[in-house]
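Written out below as structure tokens is the structure these notes cover.
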Amino acid sequence: MFDRLKKIFGDGAASREPRARGFGDLQLASAALLTEAARMDDDFGADEQAVVIRLLRARFSLSENEVAALMAAADKASSESVELYGFTREIKDAFDHDQRIQMIEMLWEVVYADGEVHDHEANLLRRVAGLIYVSDRESGDARKRVLDRMSGAS
């Protein structure tokens, strides 16, 4: 706990460290948010992992090994972070509005991967949408598109 507090109030040395395995800030932020969404219900199961892997591979044209390394780096970054703001700021700054809506859609896919939405997951999506300037209506539309795809795949 003290180490975490030192990182929060420290001299910022941790923020000057190079990024893990050469991944860009946008890739790392996206992966961290996706894995955080998967963990919100305290169960990062195989279905959710498969969805996160598929989404990262498609979004960033990564190999299996690259996705595995990115997920490990995202896991580390997420566990060391005490807030979402750094990740969402990177996405807000790097993605245009349509890409930010696509990111919300990706997050809904992860949330629905296990077949149910936990209150913590829905809360996370509301917070992330607000932080990346995606309206509630746009997030709701993204959610509906995910549900439509899922019902069509059944």
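Some notes on this structure:
- Filtered by the rule that a residue be part of a helix (DSSP H, G or I) and over 14 Å from A38 (Cβ atoms), segment 48-66 gives R57, A58, R59, F60, E64, N65, E66.
- Apart from one condition, R89 fits all of (1) surrounded by fewer than 20 Cβ atoms within 10 Å (Cβ to Cβ); (2) out of contact with any Phe, Trp or Tyr (no Cβ under 9 Å at 6 or more places or on another chain); (3) more than 16 Å from R127 (Cα to Cα); the exception is (3).
- Within segment 101-118, the set of residues being farther than 17 Å from F44 by Cβ and either out of contact with any helix residue (DSSP H, G or I) (no Cβ under 7 Å at 6 or more places or on another chain) or outside any helix (DSSP H, G or I) (or both) comprises just one member, Q102.
- From R137, R143, residue being over 22 Å from D25 (Cα atoms), touching a Phe, Trp or Tyr at 6+ places or on another chain (Cβ under 7 Å) and charged (D, E, K, R): R143
- Screening A69 with (1) small (G, A, S); (2) within 27 Å of M150 (Cα to Cα); (3) in a helix (DSSP H, G or I) gives one miss only, at (2).
- From the list A29, A13, A37, the lone residue that is of a type in the set (G, A, S), more than 12 Å from L70 (Cα to Cα) and at pLDDT 50 or above is A37.
For (1) surrounded by 15 or more Cβ atoms within 10 Å (Cβ to Cβ); (2) touching a residue at least 60 places away in the same chain (Cβ under 8 Å); (3) out of contact with any Cys (no Cβ under 8 Å at 6 or more places or on another chain); (4) acidic (D, E), each residue gets a yes or a no:
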{"site": "D43", "(1), (2), (3), (4)": "no, yes, yes, yes"}
{"site": "V51", "(1), (2), (3), (4)": "yes, yes, yes, no"}
{"site": "R57", "(1), (2), (3), (4)": "yes, no, yes, no"}
{"site": "S63", "(1), (2), (3), (4)": "no, no, yes, no"}
{"site": "D93", "(1), (2), (3), (4)": "no, no, yes, yes"}
{"site": "W108", "(1), (2), (3), (4)": "yes, no, yes, no"}
{"site": "V128", "(1), (2), (3), (4)": "yes, yes, yes, no"}
{"site": "S135", "(1), (2), (3), (4)": "no, no, yes, no"}
{"site": "R143", "(1), (2), (3), (4)": "yes, no, yes, no"}
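- Some residue of segment 93-100 being touching a helix residue (DSSP H, G or I) at 6+ places or on another chain (Cβ under 7 Å) and more than 19 Å from D25 (Cα to Cα): no
- Taken together, the residues in segment 104-146 that are out of contact with any Asp or Glu (no Cβ under 8 Å at 6 or more places or on another chain), closer than 19 Å to T35 by Cβ and among the hydrophobic types (A, V, I, L, M, F, W, C) amount to 9.
The values are calculated or read from the model by the stated rules, or taken from the named source; none is laboratory data. All values reported here derive from a predicted model rather than from experimental measurement. No Cβ is skipped: glycine too gets one built from the backbone with ideal geometry, and neighbour counts run over all protein chains shown.
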